[in-house]
């Protein structure tokens, strides 16, 4: 019995008071982001409208890190191909002349060959969830279907779920938050009696525990400090939802959700981060939710509606590993995971980060 007590005491000492029952708050860096026990190679993403395009761009660029993507009211990867005119005429509205799938596929393969996005083979077993409301006049059927056309060339078709919902506009559907479900107005949250957050997370992660309250306070952090020189087009502050277990050091997964145009903090405050429904599921399933924010701009680079860059206002590399917004969000991930933001080396490990476990 004494030997067992001594062994327990030694083990507690090794894990630095892990048996004391006293939970220490996570370390917080100068940007305000906490150090968390998350795996930076098991990330999932979601987004609405321009956020759907950014989620997809991040997925293709960092396919070694991202294990699934949920796109609401989005089109195919790099639909605009660096042209605002193409974005407005071929990637929005009825989309009677969307970009050619074969042309987009050739572009994607070329970028993979040039290593400006990570290997396409990484996408094969990922989960993809695609959603569009039938009352959506911003992203038509033809554009929406192009996203599936592109994804199914690289992802197992059985892993792709496509949802079209009647009487739903260009917005993020929720159970009770927001305005008219058939509308397409700020804050672009719809009271639809439909839990898009729960549906997409179930598609990306599989089984989920029943949701919690999702009422813990959001963490606000300095995006310019977190993202460095890559964050010029971002708002001053971003949001993070950290469930209690994750704050206490339990192993948790990271989900990143990208807002839509005119859904950024300058337009709607923290409503998307509080009312999307994601936080409820985060509470009971050990999910940390990152809500990065774009700032609107009426000067160069022009972005008056505060959209994520899906046509090139931050530069020609916007949809690749060198995209400024993609780089900024990557640095946020690395900071939370304890990875050196300059070298991408795990500061808690003895060696550099390697291939993630399957």
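A short reminder: the numbers here are calculations on the coordinates, not readings from a lab. This structure is a prediction, so every number in the text was calculated from the model and none was measured. We place every Cβ from the backbone using ideal geometry, glycine too, and count neighbours over all the protein chains shown.
Within the range 111-127, one or more residues are within 28 Å of residue 65 (Cα to Cα), part of a strand (DSSP E or B) and in contact (Cβ under 8 Å) with a residue 24 or more places away in the chain. Considering 56, 81, the condition of being more than 12 Å from the chain's Cα centre (by Cα), closer than 23 Å to residue 114 by Cβ and crowded, with 16+ Cβ neighbours inside 10 Å is satisfied by 81 alone. Residue-level analysis places residue 100 among those that are surrounded by fewer than 22 Cβ atoms within 10 Å (Cβ to Cβ), farther than 29 Å from residue 254 by Cα, without any contact (Cβ under 8 Å) to a residue 24 or more places away in the chain and out of contact with any strand residue (DSSP E or B) (no Cβ under 9 Å at 6 or more places or on another chain). When only residues in the range 266-278 that are buried (at least 23 other Cβ atoms within 10 Å of the Cβ) and either touching a helix residue (DSSP H, G or I) at 6+ places or on another chain (Cβ under 8 Å) or without any contact (Cβ under 8 Å) to a residue 60 or more places away in the chain (or both) count, which is nearest to residue 170 (Cα to Cα)? Taking the candidates together, the pick is 276.
If you go through the range 294-321 and keep only what is surrounded by 23 or more Cβ atoms within 10 Å (Cβ to Cβ), in contact with a strand residue (DSSP E or B) (Cβ under 9 Å, 6 or more places away or on another chain) and not in a strand (DSSP E or B), you end up with 306, 307, 308, 309.
Here residue 154 fulfils each of the conditions (1) farther than 24 Å from residue 320 by Cβ; (2) surrounded by 18 or more Cβ atoms within 10 Å (Cβ to Cβ); (3) touching a helix residue (DSSP H, G or I) at 6+ places or on another chain (Cβ under 7 Å) apart from (1).
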